[in-house]
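Only the coordinates and a few stated rules stand behind these numbers; no lab work does. For clarity, every value in this text was computed on a predicted model and none was experimentally measured. Heads up, the Cβs are rebuilt from the backbone with ideal geometry, glycines too, and the neighbour counts pull from every protein chain shown.
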Amino acid sequence: MDPDLTSEIPTQPAERVRALVERVVETLDLEASVAVEEVETEIRATVEGDELDLLIGSDGETIDALQYIASRAAFADSAERKAVVIDAAGYRGRREVALQGAADRAATEALASGRPVELEPMSSPERKIVHQYLAARGDIETHSEGQEPRRRLVVTPTAG
Amino acid sequence: MEDLLEYLARSLVDDPGAVFVESFEEDDGSIALELHVGEGDVGKVIGRNGRTVNALRTLMRACAVDEGQRVLVDVVD
């Protein structure tokens, strides 16, 4: 096989993420640019442009799939691990607000009934967002149940 | 579409040189993509509980939407 084909894949994780997201944007024929930012805990690629619905997919399924592949690929040959976040047209921010709303409703219901309340299945990064958001309240606890991709958070009132 | 699948797979495996994709058109007009990877790399592209290959399928479906086609992805070693 042509050795050039493998040399197109950068070795540095943030550059691998950039190359991969750019490839997807190109294949989907989108007019968009990709900005990549790396901090201590995370590599974040943000796609800006018009008509990014195809990249996001229904309920974010396409952008979540891309984020999953990018995070597997970024550290495929290194022991290092960071969260990889792919965002487009403000999707992650809107999603976070929606997740917090669902979390608040589940917490209210759990406290009112005194019983555990299950949230909808979510990806692992989204479960982490909700878990951390609810952990700050102190009056309820969360844990995960079930198998991927149906794994979900359960909200329980704190004993006592 | 094949090129993207090949690129994504090459970025996931230990032996990128062994990766290639064959594409077939089925009788019903859907596209079947056969992803070939090196012997030791099948697990890398399938992933735990098939999560990686399912994510690849989701991305390929998004690409096929444009062309109005159904797309199937299978892994072959």
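Points to keep in mind about this one:
- Mean shadow area of region A:1-112, taken as a quarter of the surface of its Cα convex hull (nm²): 9.1 nm²
- Region A:94-160: relative contact order as a whole-number percent, Cα under 8 Å and 6+ apart: 37 percent
- Chain A: relative contact order as a whole-number percent, Cα under 8 Å and 6+ apart: 16 percent
- Centre separation in Å (Cα based) which lies between region B:10-36 and region A:119-160: 37 Å
- Mean separation of Cα pairs under 8 Å and 6 or more residues apart, divided by the residue count, gives chain B a relative contact order of 33 percent.
- Quarter the surface of the alpha carbon convex hull of the protein assembly as shown and you get the mean projected area, 14.7 square nanometres.
- Remark: region A:1-106 carries a charge dipole of roughly 520 debye about the Cα centre, counting +1 on each Lys and Arg Cβ and -1 on each Asp and Glu Cβ.
- Least to most buried among B:11, A:144, A:78, A:123 (fewest other Cβ within 10 Å first): A:78, A:144, A:123, B:11
- Whole-Hz couplings from phi, Karplus 6.51/-1.76/1.60, listed for region A:80-90; x for Gly and Pro: 5, 9, 9, 5, 10, 10, 10, 10, 8, 6, x
- Between 0 and 90 degrees, the angle of helix A:13-27 with respect to the longest Cα principal axis of chain A falls at about 80 degrees.
- Fewest-first ordering of A:156, B:52, A:27 by other beta carbons within 10 Å of each residue's beta carbon gives A:156, A:27, B:52.
- The mean count of C-beta atoms from other chains within 10 Å of the C-beta of residues in B:3-15, rounded to a whole number, is 5.
- Angle between chain B longest axis and helix B:51-67 axis [Cα atoms, degrees, rounded to 10]: 30 degrees
- Exposure proxy ranking for A:24, B:71, based on other Cβ atoms within 10 angstrom of each Cβ and starting from the fewest, stands as B:71, A:24.
- Taking the helices alone, the protein assembly as shown has a mean residue ellipticity at 222 nm of -13500 deg cm²/dmol, built from -39,500 (n - 2.57) per DSSP H run of at least 4 residues and averaged over all its residues.
- Phi angles across region B:24-31 convert, under the Karplus curve 6.51 cos²θ - 1.76 cosθ + 1.60 with θ = phi - 60°, into 3J(HN,Hα) values of 10, 9, 7, 4, 7, x, 6, 9 Hz, Gly and Pro given as x.
- Comparing A:144, B:69, A:60 along the charge dipole axis of the protein assembly as shown, the residue lying farthest to the positive side is A:144, per the Cβ-charge model.
- Between residue A:85 and A:43, A:44, A:45, the built amide H atoms are under 5 Å apart, and every one of these is 5 or more places off in sequence or on another chain.
- Relative to the longest principal axis of the Cα atoms of chain A, the long axis of helix A:124-135 lies at roughly 40 degrees.
- Note that region B:32-41 has calculated 3J(HN,Hα) couplings of 9, 10, 9, 9, 9, 9, x, 3, x, 9 Hz, one per residue in order, obtained from phi through the Karplus relation 6.51 cos²θ - 1.76 cosθ + 1.60 (θ = phi - 60°); glycine and proline are x.
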